[in-house]
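Quick one: this structure, given as structure tokens, is what I'll be asking you about.
The values are calculated or read from the model by the stated rules, or taken from the named source; none is laboratory data. All of these numbers come straight from a predicted model, not from anything done at the bench. With ideal geometry, Cβ positions are generated from the backbone for all residues, glycine too; neighbour counts draw on all protein chains shown.
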Amino acid sequence: MTMQKTFLAVKPNAMKRADAVGIVKILNEKLGAQCVAMKVYTPSKAIAEKHYEALSDKPFFGELIESFTAGPILGMVWQGENVVAKAREVMGATNPADAAEGTIRKLFAKSIGDNAIHGSDTEPGSAQREVEIHFPSADFTPIADPISQAEKLTQAQAA
Ligand code: DAT
Ligand code: MG
């Protein structure tokens with residue numbers, strides 16, 4: 001088992017519903033990992049297209065880019081043993097109709113296109129690639145209280 005980092009983000013629609021803090025609470029409780037970077041920002045089209053590059057031939061790609069750039073996201077890096085796969089479990093299935101009870105998508109997603117959270121997939125190199133896209137110059141210091149930090153950042157963004 002090796003120490004990993006994964007990129008997680010509360011998506012714009014879930015931010016608008018003020019779900020960010022509730023989502024961070026679940027991550028903090030269930031991931032068994034540390035949050036080592038957190039920021040609120042609206043992804044540019046260039047960043048979004050790079051992030052979702054592997055899906056560029058999908059029929060829903062245009063909508064996906066539009067929704068990921070529609071407003072601020074809460075972007076995070078979490079670090080821990082096996083955290084990439086663990087986060088996929090805690091997030092739940094891509095389509096909330098298939099998501100298990102207690103998962104973030106079961107609780108907060110509205111549809112496959114509005115599924116509340118992004119998390120890196122488990123393909124080797126994928127998480128590291130996303131961390132580098134979204135946090136190119138972070139120093140990855142553990143955040144003592146990620147829930148308070150999420151409250152602070154999302155309040156500042158709403159003000
Ligand atoms: P995940 O986000 O669970 O890793 P993915 O990488 O296959 O899922 O797809 C990325 C996002 O694209 C997903 O969170 C929501 C959107 N998406 C996937 N399949 C879709 C579909 N059939 N229709 C609309 N949006 C879809
Ligand atoms: Mg994916």
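In region 129-138, is there at least one residue being over 21 Å from N13 (Cα atoms), surrounded by 13 or more Cβ atoms within 10 Å (Cβ to Cβ) and in contact with a Ser or Thr (Cβ under 9 Å, 6 or more places away or on another chain)?
Yes - at least one qualifying residue is present in region 129-138.
Still on this structure: Quick one: in region 101-118, which of the residues that are in a strand (DSSP E or B) and touching a strand residue (DSSP E or B) at 6+ places or on another chain (Cβ under 9 Å) is farthest from ligand 1 (Cβ to nearest atom)?
Looking at the filtered set, the residue picked out is I117.
Of all residues in region 44-62, which are within 15 Å of ligand 2 (Cβ to nearest atom) and not aliphatic (A, V, I, L, M)?
Looking only at region 44-62, we keep the residues that are within 15 Å of ligand 2 (Cβ to nearest atom), and these are 48-58, 60-61.
Those that are within 15 Å of ligand 2 (Cβ to nearest atom) and not aliphatic (A, V, I, L, M): E49, K50, H51, Y52, E53, S56, D57, K58, F60, F61.
One line per residue, one yes/no per condition, for (1) modelled with pLDDT of 95 or more; (2) surrounded by 15 or more Cβ atoms within 10 Å (Cβ to Cβ); (3) assigned to a helix (DSSP H, G or I):
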{"residue": "Q4", "(1), (2), (3)": "yes, yes, no"}
{"residue": "E29", "(1), (2), (3)": "yes, no, yes"}
{"residue": "A46", "(1), (2), (3)": "yes, no, yes"}
{"residue": "P59", "(1), (2), (3)": "yes, no, no"}
{"residue": "L74", "(1), (2), (3)": "yes, yes, no"}
{"residue": "G80", "(1), (2), (3)": "yes, yes, no"}
{"residue": "R88", "(1), (2), (3)": "yes, yes, yes"}
{"residue": "A97", "(1), (2), (3)": "yes, no, yes"}
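Any residue in region 119-135 that is farther than 14 Å from M91 by Cβ and within 10 Å of ligand 1 (Cβ to nearest atom) sitting within a Cβ distance under 6 Å of a residue that is assigned to a helix (DSSP H, G or I) and of a type in the set (A, V, I, L, M, F, W, C)? List the pairs, counting only those 6 or more apart or interchain.
From residues that are farther than 14 Å from M91 by Cβ and within 10 Å of ligand 1 (Cβ to nearest atom), there are no pairs.
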